[in-house]
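Presented below is the structure to which this report refers.
The values are calculated or read from the model by the stated rules, or taken from the named source; none is laboratory data. Here the structure is a predicted model, which is why all the values come from computation and not from measurement. Every residue, glycine among them, receives a Cβ derived from its backbone with ideal geometry; neighbour counts consider all protein chains shown.
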Amino acid sequence: MTEFSRRSFMLATASALAAAGIPFQVLGAGHLTLKIAILVEAGNIDLLQNISGLNTYTLVFDPLIRYGAGGKLEPALAESWNVSDDGLTLRFKLREGVTFSDGTPFNAEAAKWNLERWMGKSDFSWIGVSDAMESISTDGATGLTIKLKQAVPAALLEFTIVRPVRFLSPKAVDADGNQSAPVGTGPWVITENDNSHTVLVRNDAYWGAKPPFERIELLVVPDELARANGLRAGDLDIIGGDWVSPLSPRRARALESEGGAKIFADTGTTTMLLGFSPRADAVVADKAVREAVYASIDRAAMAKVLFEGFADPIANLFPPTIPLSGKPLPVPTRDVAAAKAALTAGGWEEAGGSWTKNGAPLTLSFLVSEESLPGSRRIAEMIQAMLAETGIKAEISSVDNATMHERRPAFDYDLTFFTTYGAPYDPHGTLGNMFLSNVDSGPDGKIYASPELDPIVMAALAAPDGPEREAAMQAIFDWLDANRALCPLVAAQRLWAYGSNVKTFVLPPTDYDMPFEGIELNG
Amino acid sequence: MTELLKSLRTWPWHIVAPVLLFVAVAVLAPWLTPYDPAAQDYMSILQGPSWAHWLGTDYLGRDLLSRIIGGARVSLTAMSIVLLAALILGVVVGSLAGYIGGRFEVVMISAIDIFLALPSLVIALALIGIMGPGYWSMIVALTLAWWANYARMSRAVVVAELRQPYIEAARIMGANHLHIFSRHILPSVLALVVVYASADAGALVLAIATLSFLGLGVEPPTPEWGQMLVDGMGYLEDNPALVILPGLALTLVVVSFNLLGEAFALSKVPRPARGLTLSRRRRDRAKEEAARAQVEARP
């Protein structure tokens with residue numbers, strides 16, 4: 001066996017250390033990297049498979065139309081578009097000179113090939129334009145025409161979503177037509193991707209504005225405390241977002257008070273609300289009970305205590321960040337006397353702190369699933385205590401995700417939590433899926449449904465864009481409010497935190513986008 | 001009675017006292033809690049210990065001391081119900097199997113073996129999956145997951161006792177089955193299973209907390225230690241008391257019951273039930289039987 005002298009050992013160690021240091025030296029010199037924590041691995045980023053988180057796609061793949069701030073439609077791969085008056089023909093003029101990151105040109109043929117991979121397929125019938133597709137045709141290199149069998153009110157919005165509507169290089173498929181690599185036209189190109197991290201480098205052939213830094217690293221950190229510590233230590237630059245790596249209000253306050261990291265909070269696009277069972281024999285079929293529940297809840301205390309102030313009390317179905325969200329309703333303050341008065345007026349009798357009507361007690365079954373909606377049990381406990389002060393007994397039934405998905409479509413509850421879909425899916429997404437009695441809403445169930453409400457929702461969804469649709473939407477919101485059909489609670493704010501490497505942070509348009517646009521790093 | 005009083009002096013009080021304290025706190029909970037354990041006060045959330053709240057408050061401003069005490073009551077009640085039910089079911093099934101024998105015994109032993117082959121918690125989870133979560137389904141599920149050990153032990157004791165000459169003598173003298181079983185066999189069975197149960201109580205408290213931790217047991221607003229643990233997880237960094245206190249309570253109770261069970265098994269404490277009145281000779285023999293049955297009962 002060869003023996004090392006002390007000197008050769010020291011020499012070897014020193015050179016090994018120096019070698020290990022080299023990549024970091026190179027990176028430090030002019031190579032700026034944005035490090036973002038992700039909750040789960042990026043996965044295969046296949047446009048037709050529901051495996052990967054949506055945010056990573058937005059770095060690599062472009063849509064025809066972008067969903068901008070406040071729901072404004074902005075040109076992306078399509079420079080312009082128009083919809084015929086009958087809503088049956090969509091014409092797009094595609095951007096010229098765009099190539100995929102493998103060098104394949106993006107043109108009308110490539111776009112048509114992409115759309116035909118999903119439009120008209122049964123797997124994607126949940127997308128209105130796919131369900132209604134009649135034909136796709138090209139007109140030269142930049143003209144694309146889609147004909148529909150029936151008008152789809154949110155057709156253009158549907159072209160802004162992430163999966164499957166974005167565009168893949170026609171060369172990035174195998175013999176069976178399955179995606180073989182995530183090659184898009186977007187600003188970033190994936191160079192490494194495994195279960196611990198994903199590395200993306202800037203696409204220098206990108207058609208749009210180029211990011212001011214060269215690399216993005218997505219690091220898988222499943223634990224929230226570990227993410228916060230990573231941010232504190234400078235191993236991470238950005239954490240947060242509903243889908244990227246959720247940041248709890250409590251953790252955000254803790255990070256904020258330490259002063260190291262900065263918190264970016266903005267009005268959310270989703271509403272958390274209490275849904276009343278639409279079942280005809282449910283206790284909450286009695287409007288007086290719904291009125292009482294609505295008046296018993298202290299939304300301000302909920303936002304302050306459980307969301308640390310990172311939520312806005314709300315009485316509307318949608319927060320004001322959603323287009324066509326209607327006139328803002330005043331947020332009711334808690335009023336136990338009004339709640340009791342509503343019950344008395346509804347024929348309920350109070351005795352010994354509880355209510356009865358025709359001998360039946362006022363007891364509500366409150367379906368909660370911590371697994372489906374993390375944090376919901378604590379909110380349920382708070383609501384339970386608030387209802388108890390009015391004399392309404394709410395029995396919490398905590399269940400797993402599977403049971404939730406069985407009991408919700410069966411309306412097997414009196415009260416349960418719902419969350420609206422948020423941007424870019426709303427208002428059409430939530431209204432079209434969760435408020436129509438004749439639509440199969442799947443495992444998510446319905447927030448409210450009634451034969452009386454159906455025509456109002458249908459009319460709004462079919463109304464032509466502009467003031468007419470605005471009025472038709474308002475009619476839905478007025479009906480819901482007049483019938484006390486739901487009990488909005490709070491709109492949780494969009495929460496992100498960023499470290500000292502980040503000079504400016506810009507919130508992405510929706511929480512399905514990955515933040516990078518407009519972000520500047522300290523060089 | 002005098003025998004019991006005399007033996008009190010020889011009891012290992014350092015082992016018995018923590019269990020008695022737990023039982024006393026649980027029984028007297030409604031008079032000991034300074035606040036309603038479910039009362040929320042949003043003006044004083046997540047406070048440290050103070051004169052008003054000795055152990056501080058949780059994220060909804062609820063008094064932690066009151067919740068720990070309330071949790072003791074919930075744990076003790078659920079544990080007692082399950083233990084009693086499992087004990088009765090186990091002793092009845094096991095004794096009948098041992099006493100009747102034949103094909104009935106074979107079928108019963110197979111059933112017992114199936115239950116013993118699977119971990120108790122897996123059985124409980126499967127049963128709750130079928131019945132749906134809730135307090136009473138937790139009780140039923142745990143009972144069905146816990147009875148098999150008692151059945152196996154009871155059967156072993158019954159089979160051993162049946163071979164004894166005094167049973168033969170009783171039969172010759174014309175005693176009926178009920179008399180033989182209740183006067184000559186049951187006391188030996190109980191002497192053993194009660195000892196085992198005292199050690200099992202700790203495991204059961206833990207199982208109840210585990211199911212509530214998973215959201216399958218006690219529902220809010222009833223305070224429960226396992227539930228307090230899971231609800232406090234999000235506050236671990238800034239308010240570790242929310243997790244440490246219920247965890248500590250749980251640990252102390254489990255350790256106390258385990259020590260008590262061990263002391264019982266080593267006869268530092270006189271056996272409860274009929275074991276107290278057994279003659280020294282019979283007590284020694286019961287002890288031997290117990291040791292043998294315990295070895296046999298080990299999965």
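Only one of (1) among the hydroxyl-bearing types (Ser, Thr, Tyr); (2) more than 20 Å from the chain's Cα centre (by Cα); (3) buried (at least 18 other Cβ atoms within 10 Å of the Cβ) fails for A:Tyr512. Which number is that?
It fails just one condition, (2).
When residues of segment A:368-386 are filtered for being at pLDDT 95 or above and either over 35 Å from the mean Cα position of the chain (by Cα) or away from chain B (no Cβ under 11 Å) (or both), how many remain?
Going through segment A:368-386 one residue at a time, the tally reaches 0.
For residues that are in contact (Cβ under 8 Å) with a residue 40 or more places away in the chain and in contact with a helix residue (DSSP H, G or I) (Cβ under 9 Å, 6 or more places away or on another chain), tally how many sit in segment A:157-182.
13
Just checking, does segment A:413-433 include any residue being in contact (Cβ under 8 Å) with a residue 24 or more places away in the chain, part of a helix (DSSP H, G or I), under 15 Å from A:Met272 (Cβ atoms) and more than 14 Å from chain B (Cβ to nearest Cβ)?
yes
For segment A:136-143, state whether one or more residues are assigned to a loop (DSSP other than H, G, I, E, B) and surrounded by fewer than 16 Cβ atoms within 10 Å (Cβ to Cβ).
Initial filter on segment A:136-143 (assigned to a loop (DSSP other than H, G, I, E, B)): A:140-142.
Subset that is surrounded by fewer than 16 Cβ atoms within 10 Å (Cβ to Cβ): A:140-141.
Looking for residues that are assigned to a loop (DSSP other than H, G, I, E, B) and surrounded by fewer than 16 Cβ atoms within 10 Å (Cβ to Cβ), one finds at least one in segment A:136-143, hence yes.
Residues A:Asp298, A:Asp312, A:Asp335: which one is over 22 Å from B:Gly232 (Cβ atoms), at the interface with chain B (Cβ under 10 Å from one of its Cβ atoms) and charged (D, E, K, R)?
Working: A:Asp312 fails: at the interface with chain B (Cβ under 10 Å from one of its Cβ atoms); A:Asp335 fails: at the interface with chain B (Cβ under 10 Å from one of its Cβ atoms).
On inspection, the qualifying residue turns out to be A:Asp298.
Check off (1) out of contact with any Leu (no Cβ under 7 Å at 6 or more places or on another chain); (2) more than 14 Å from chain B (Cβ to nearest Cβ) for A:Ser245 and give me the number that stays unchecked.
(1) is the only condition that A:Ser245 fails.
Is it the case that segment B:98-107 has a residue that's among the aliphatic types (A, V, I, L, M) and either outside any helix (DSSP H, G or I) or touching a helix residue (DSSP H, G or I) at 6+ places or on another chain (Cβ under 8 Å) (or both)?
Taking segment B:98-107 first, the residues among the aliphatic types (A, V, I, L, M) are B:100, B:106-107.
Still in the list and also either outside any helix (DSSP H, G or I) or touching a helix residue (DSSP H, G or I) at 6+ places or on another chain (Cβ under 8 Å) (or both): none.
Checked segment B:98-107: no residue is among the aliphatic types (A, V, I, L, M) and either outside any helix (DSSP H, G or I) or touching a helix residue (DSSP H, G or I) at 6+ places or on another chain (Cβ under 8 Å) (or both).
Out of (1) within 29 Å of A:Ala462 (Cβ to Cβ); (2) aliphatic (A, V, I, L, M); (3) more than 31 Å from the chain's Cα centre (by Cα), the odd one out for A:Leu273 is which?
Failing condition for A:Leu273: (3).
From B:Glu161, B:Glu219, which residue is more than 20 Å from the chain's Cα centre (by Cα), over 17 Å from B:Gly90 (Cα atoms), among the acidic types (Asp, Glu) and assigned to a helix (DSSP H, G or I)? Walk me through how you get there before you give the answer.
Working: B:Glu219 fails: assigned to a helix (DSSP H, G or I).
It is B:Glu161.
Where residues in segment B:61-81 are surrounded by 23 or more Cβ atoms within 10 Å (Cβ to Cβ) and within 13 Å of chain A (Cβ to nearest Cβ), which of them is nearest to B:Glu219 (Cα to Cα)?
B:Arg67
Pick out the one residue from A:Ala288, A:Ala252 that is within 14 Å of another protein chain (Cβ to nearest Cβ) and outside any loop (DSSP other than H, G, I, E, B).
Working: A:Ala288 fails: within 14 Å of another protein chain (Cβ to nearest Cβ).
Among A:Ala288, A:Ala252, only A:Ala252 is within 14 Å of another protein chain (Cβ to nearest Cβ) and outside any loop (DSSP other than H, G, I, E, B).
Yes or no, residue by residue, for (1) surrounded by 18 or more Cβ atoms within 10 Å (Cβ to Cβ); (2) closer than 20 Å to B:Met79 by Cβ:
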{"site": "B:Leu142", "(1), (2)": "yes, yes"}
{"site": "B:Ala145", "(1), (2)": "yes, yes"}
{"site": "B:Arg163", "(1), (2)": "no, no"}
{"site": "B:Ala169", "(1), (2)": "no, no"}
{"site": "B:Ile180", "(1), (2)": "yes, no"}
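Could you look through segment A:398-425, keep only residues that are within 19 Å of A:Cys487 (Cα to Cα) and hydroxyl-bearing (Ser, Thr, Tyr), and pick out the one that is nearest to the chain's Cα centre (by Cα)?
Restricting attention to segment A:398-425, the residues satisfying the condition of being within 19 Å of A:Cys487 (Cα to Cα) are A:408-409, A:411-422.
With the extra rule that they be hydroxyl-bearing (Ser, Thr, Tyr), the set shrinks to A:413, A:416, A:419-421.
Values: A:Tyr413: 26, A:Thr416: 20, A:Thr419: 10, A:Thr420: 9, A:Tyr421: 6 Å.
So, considering only residues that are within 19 Å of A:Cys487 (Cα to Cα) and hydroxyl-bearing (Ser, Thr, Tyr), the one nearest to the chain's Cα centre (by Cα) is A:Tyr421.
Inside segment A:299-388, counting only strands (runs of 3 or more DSSP E) that do not spill past its ends, which hold 2 or more residues that are farther than 15 Å from A:Leu489 by Cα and among the aliphatic types (A, V, I, L, M)? Please lay out each step first, then the result.
Values: elements: A:311-313, A:349-351, A:354-357, A:363-368.
Fully inside segment A:299-388 and qualifying: A:363-368.
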